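The values are calculated or read from the model by the stated rules, or taken from the named source; none is laboratory data. Predicted, not measured: the structure shown is a model, and the values here were computed from it. As a convention, Cβ positions derive from the backbone with ideal geometry for all residues, glycine included, and neighbour counts pool all protein chains shown. Accessible surface areas use protein heavy atoms only, side chains included; no ligands, DNA or RNA. Shrake-Rupley method; radii C 1.70, N 1.55, O 1.52, S 1.80 Å.
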Amino acid sequence: MPCEREREARALLSRDGAVVLTGYENTADALAAAAARTLGSRLRELYPHRVRTSREGAPVHLHADGLDLVVDVGGVPGRRRHPDEDHVLIQCVRPAPSGGDSFAADAYGFVDGLASTDPALLDFLTGTDVDLYGEWAGLRGLPAAPRVARHVEYTRTGRRIARRTDGAAPLHRDPDADRVRAMLARFEESVHALEPALPRFGLAEGDILVLDNYRCWHGRDAHTGERTVRILTLRTADAR
């Protein structure tokens, strides 16, 4: 990608929180190269890319990537995912024969809008601790210690994080657990309600969607046939 295209991609990512890159080879190496070219010297840690294939896929609702996954490699702990991944790149390996269009939402805009549309939900997202991965407690490699955080927080560098995960659960023996569950359901319902009106865009073979994982939530429509993507998550110098 020429320098001018790199500058344009960085500007669009900074402005909108998302950008689609075209003209890349359909390879895992191209995915890593795209991360370096788009994020430059801010890049700090890449995690192993993963390939995801769905067949006759159901819709994937708006979410932000993030998982605390550590494995043992020859007796040495190795991190495969990080809970504070602040960017995600998704490359189309094989588009679906029909459907499977992508969509994204500006989570900052959603959160800011709650001040007038649902102040109680805003107070929950910014003021209540949850176990981010409590619903996935049985997942191998997930640390036993609960990952306690709020859905909306700030990093030490001042970046806002707007989380969206299906793994959130009340803290163990939280006396307010019933309210937390109710608010988690309310949050999910509100986010799902955004999806029908969001613009759709298709990814051709080799295209790469780059997302600011702290700012944007993403999802895709249902599809027929088989669809395959490569996913690369990472941390930059601005990550928590």
inquiry  = What distance in nm lies between label points placed 7 Å from Cα along the C-beta direction at VAL70 and THR157?
reply    = 2.4 nm
request  = Whole number please: convex hull volume per residue, Cα atoms of region 126-172, in Å³.
outcome  = 87 Å³
ask   = Using a 1.4 Å probe on the protein chains only, how many percent of the accessible area of the chain belongs to carbon and sulfur?
value = 51 percent
key: Cα gyration tensor of the chain - equivalent ellipsoid semi-axes, whole Å, descending   = 28, 21, 19
Lys, Arg +1 and Asp, Glu -1 on Cβ, resulting dipole of region 48-117 about Cα centre, debye, nearest 20 = 440 debye
note = Over region 97-152, the quotient of the Cα radius of gyration and 2.2 N^0.38 Å is 1.57
query = Want the number for VAL51 to ARG179: 0.36 nm per residue separation, take away the alpha-carbon distance, what's left?
reply = 42.4 nm
task = Calculate the length of the line joining the C-alpha centroid of region 189-226 to that of region 77-107, in whole Å.
result = 9 Å
task = Once you have the Cα-Cα distance between LEU171 and ARG79, take 0.36 nm times their residue separation minus that, and quote the gain in nm to one decimal.
result = 30.7 nm
request  = Once you have a ≥ b ≥ c as the square roots of the Cα gyration tensor eigenvalues for region 57-140, tell me rounded if a/c is under 1.5, and otherwise prolate or oblate according to whether a/b is larger than b/c.
outcome  = oblate
message = Angle check, please: helix 3-16 long axis (alpha carbons) against the longest principal axis of the chain (alpha carbons), in degrees 0 to 90, nearest 10.
response = 20 degrees
request  = Would you mind working out the magnitude of the charge dipole of region 10-163 relative to its Cα centre, with +1 at each Lys and Arg C-beta and -1 at each Asp and Glu C-beta, to the nearest 20 Debye?
outcome  = 520 debye
Most positive-pole-ward Cα, PRO77, GLY99, ALA64, against dipole of region 59-105 from beta carbon charges = GLY99
note = Classified through the alpha carbon gyration tensor (a ≥ b ≥ c as square roots of its eigenvalues; rounded if a/c is under 1.5, else prolate when a/b is larger than b/c, else oblate), region 1-66 comes out prolate
remark   = For ALA32, placing the label point 7 angstrom along Cα-to-beta-carbon and taking region 49-88, residues whose amide nitrogen sits under 11 Å are 49
note = With only helices counted (DSSP H, runs n ≥ 4, each -39500 (n - 2.57)), the per-residue ellipticity at 222 nm for the chain, to the nearest 500, works out to -8500 deg cm²/dmol
Three-way shape label, region 186-237, alpha-carbon gyration tensor, a/c 1.5 = oblate
request  = Could you order peptides 204-216, 38-50, 132-144 by the average number of other Cβ atoms within 10 Å of their residues, highest first?
outcome  = 204-216, 38-50, 132-144
ask   = What FRET efficiency comes out for the pair GLU4/ARG94, r = Cβ-Cβ distance, R0 = 51 Å, nearest 0.05?
value = 0.95
remark   = So the angle from the long Cα axis of helix 177-194 to the longest Cα principal axis of the chain, reported in degrees to the nearest 10, equals 40 degrees
note = Residue separation between ASP16 and ARG140 times 0.36 nm, minus their alpha-carbon distance, gives in nm 41.1 nm
query = How far is it, in nm, from the label point at ILE231 to the one at ARG150 when both lie 7 Å from their Cα along the line to the Cβ?
reply = 2.7 nm
